[in-house]
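Data first, discussion second: the structure below is written as structure tokens.
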Amino acid sequence: MVDAPFVTEELEVPLESGEDVGVTWRTLTSADRTPTRTLTSGVCEIEPGGSLDLHRHPPLELYYFLAGTGVVTLGDREQRVGPGTTISIPGNLPHAIRNDGTALLKLFYVFPVDSFSDVVYTNL
């Protein structure tokens with residue numbers, strides 16, 4: 001089977017949120033929602049003072065930061081991030097993000113799985 005091209009507009013995708021304070025996201029590609037497979041991707045926004053709490057999941061995850069500044073926890077180390085920073089997070093590595101700036105922190109994320117539902121989060 002050959003995948004057909006698929007185009008989506010970020011602002012046309014429903015905004016989602018969870019228990020993390022000041023964190024929202026839009027799932028742009030996921031086989032359970034879009035005619036795509038192999039990669040799941042989206043855009044996450046974290047308000048100033050907000051954070052995505054420490055968690056892990058089996059698949060690799062890739063972050064590409066689009067705007068704002070913050071700190072990403074990767075296991076036992078912290079990494080400053082800003083526009084243009086890319087981070088590859090191995091599967092099951094505990095990680096978190098906090099916006100310690102005064103502007104919105106925005107990033108693009110990708111998982112090498114068909115659907116977002118394939119990513120099983122464990123909060124730590």
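The values are calculated or read from the model by the stated rules, or taken from the named source; none is laboratory data. Keep in mind that what you see is a predicted model, and the values were worked out from it rather than measured. Reconstructed Cβ throughout: ideal geometry from the backbone, glycine too, with neighbour counts over all protein chains shown.
Restricting the first member to region 76-95 and to residues that are closer than 16 Å to residue 108 by Cα and at pLDDT 95 or above, and the second to residues that are of a type outside the set (A, V, I, L, M) and assigned to a loop (DSSP other than H, G, I, E, B), the beta-carbon pairs closer than 7 Å and six or more apart or on different chains are 81/69; 82/69.
Tell me which residues, restricted to region 76-95, are in a loop (DSSP other than H, G, I, E, B), touching a Ser or Thr at 6+ places or on another chain (Cβ under 9 Å) and farther than 16 Å from residue 54 by Cβ. Break it down stepwise before answering.
Within region 76-95, the subset in a loop (DSSP other than H, G, I, E, B) is 76, 82-85, 90-94.
Subset that is touching a Ser or Thr at 6+ places or on another chain (Cβ under 9 Å): 82-83, 92, 94.
If the condition is that a residue be in a loop (DSSP other than H, G, I, E, B), touching a Ser or Thr at 6+ places or on another chain (Cβ under 9 Å) and farther than 16 Å from residue 54 by Cβ, then 82, 83 are the ones that fit.
Of the listed requirements (1) within 19 Å of residue 13 (Cβ to Cβ); (2) of a type in the set (Lys, Arg); (3) surrounded by 16 or more Cβ atoms within 10 Å (Cβ to Cβ), residue 37 misses just one: (3).
Of the residues making up region 26-42, none is of a type outside the set (Gly, Ala, Ser) and under 18 Å from residue 124 (Cβ atoms).
Which residue, of 68, 22, 49, is surrounded by 16 or more Cβ atoms within 10 Å (Cβ to Cβ) and more than 18 Å from residue 123 (Cα to Cα)? Spell out how you get there, then give the answer.
Details: 22 fails: more than 18 Å from residue 123 (Cα to Cα); 49 fails: surrounded by 16 or more Cβ atoms within 10 Å (Cβ to Cβ).
It is 68.
Only one of the listed residues (72, 120) is part of a strand (DSSP E or B) and touching a His at 6+ places or on another chain (Cβ under 8 Å). That residue is 72.
Looking at 124, 60, just one residue is touching a residue at least 24 places away in the same chain (Cβ under 8 Å) and surrounded by 14 or more Cβ atoms within 10 Å (Cβ to Cβ), and that residue is 60.
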